[in-house]
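Remarks on the structure that follows.
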Amino acid sequence: MPSSDDDLVIDRLETVIIDVPLRRPHKFARVTMTAQPVLLAFVHTRGGVVGVGEGVVPGGPWWGGESVESMKVTLDTYVAPLLPGKRVDRIEEVWQDIADHVNANLYAKTAVEVALHDAWARVLGLPLHTLLGGLARTSIGVTWALGAEPEDVVVEEALAKLESGEHRTFKLKMGALDPEADTRRVCAIAEKLCGSSGVRVDLNARWDLSTSKTYLPRLAAAGVELIEQPVPGEQVEALAELNALLPIPVMADESLRTPVDALRLVRLRAADVWSIKTTKVGGLRRARDVVAIAAAAGIPCHGGTSIETGIGTAASLHLACAAPGVTWGSELFGPKLFAEEILRTPLRYEDGSLHLPDGPGLGVELDHDAVAALRRTGLTRED
């Protein structure tokens, strides 16, 4: 129980942008990252409890339409004035008030929603997953994303991960090259890794239906075990056509942001696996709702990533461990891609899996010195 009512009453919202360097460039279909901008949102209560959440998109606004800069302006200008006097144990009420004032902006809302959960759980002295219904598992397998680099670079990295026992499955990024050249590259990689690991590909919604129908069967024949979001997110009918065509699962990512999207995917039988990202759906509770819809339809879910730090990754891990329907593993590798650690005690990766931390709230603590060293002094990097 809280020591006083003030522990539950919100005093203020604080936002901070940090830029975390990567160990190596991470190449998507459209952009290449060398550092990940991250928005940290801190919910302070009158009693001195602090909950933290993270707003992050993979490589900028190309993916979800938001950026850390837009998140900070939205939260500071429109959300922060709404929170003082509200309670961290009335998350749905706070969410509705925010939704009445701010449409969409799901990445920004996620940062606050996770921070509310973290603060409430810390007040109660309980792990965050308790607020989501308790545990279905205590760890989840982690697939390593290899990026869109040349064949020899990708194979060398994958074999090193296999030899060390860090990862057993890999996802390759596609869409940055000419489709024919890209397909040849991935088929060659898949054939070299066949029998030793699982290989999946992610198109980041870069191909149209015709291109997908031409080249995706070749990937399946080469041993690729799953195709993620080959066509633009709004083209759910095209995604459904490909899902019916291919002998391997198609996974929805950009096509899945809300529970309404989830119902459409079910009606059209558009994907055999769903990528659940806490960041893209607006937080833990909406993610849990989407997983429940998938489970009712017999569709397994996968714990996706937006390349979060240990804060966002811990939040997604609590969701993945509390939601029974997240049975297709995860890509919660974000912290391993960073050259700088922002947690006092890093999350534990072992035997190809990420393990749930102990402790109240998210179960992790920020290294405030590290955050201070990475903090932006202005809104943009040039300020």
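The values are calculated or read from the model by the stated rules, or taken from the named source; none is laboratory data. Fair warning: this is a prediction, and the values are worked out from it, not measured in the lab. With ideal geometry, Cβ positions are generated from the backbone for all residues, glycine too; neighbour counts draw on all protein chains shown. Just the protein is used for accessible areas: all its heavy atoms, side chains included, with ligands, DNA and RNA removed. Shrake-Rupley method; radii C 1.70, N 1.55, O 1.52, S 1.80 Å.
Per-structure values
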| read-out | value |
| --- | --- |
| Where a residue in the range 357-377 is in contact (Cβ under 8 Å) with a residue 60 or more places away in the chain and under 15 Å from residue 138 (Cβ atoms) and its partner, wherever it lies, is open to solvent by 70 Å² or more (accessible area, probe 1.4 Å) and among the polar types (S, T, N, Q), with Cβ under 6 Å and at least six apart | none |
| Residue, nearest to the chain's Cα centre (by Cα), within the range 114-130, restricted to residues that are open to solvent by 30 Å² or more (accessible area, probe 1.4 Å) and of a type outside the set (S, T, N, Q) | 127 |
| Residue within the range 38-56 that is within 17 Å of residue 120 (Cα to Cα), surrounded by fewer than 23 Cβ atoms within 10 Å (Cβ to Cβ), among the basic types (Lys, Arg) and touching an Asp or Glu at 6+ places or on another chain (Cβ under 7 Å) present | yes |
| Selection from the range 276-290 of residues that are among the polar types (S, T, N, Q) and touching a Lys or Arg at 6+ places or on another chain (Cβ under 9 Å) | 278 |
| Some residue of the range 249-256 being open to solvent by 10 Å² or more (accessible area, probe 1.4 Å), without any contact (Cβ under 8 Å) to a residue 60 or more places away in the chain, touching a Pro at 6+ places or on another chain (Cβ under 6 Å) and closer than 16 Å to residue 216 by Cβ | no |
| Criterion violated by residue 332 - all others in (1) open to solvent by 10 Å² or more (accessible area, probe 1.4 Å); (2) within 28 Å of residue 25 (Cβ to Cβ) satisfied | (1) |
| Residue in the range 320-327 that is open to solvent by 10 Å² or more (accessible area, probe 1.4 Å), outside any loop (DSSP other than H, G, I, E, B) and either more than 29 Å from residue 124 (Cα to Cα) or without any contact (Cβ under 8 Å) to a residue 40 or more places away in the chain (or both) present | no |
| Filter result (farther than 22 Å from residue 5 by Cα, touching a residue at least 40 places away in the same chain (Cβ under 8 Å) and either assigned to a loop (DSSP other than H, G, I, E, B) or open to solvent by less than 20 Å² (accessible area, probe 1.4 Å) (or both)) within the range 65-108 | 66, 68, 71, 75, 79, 107, 108 |
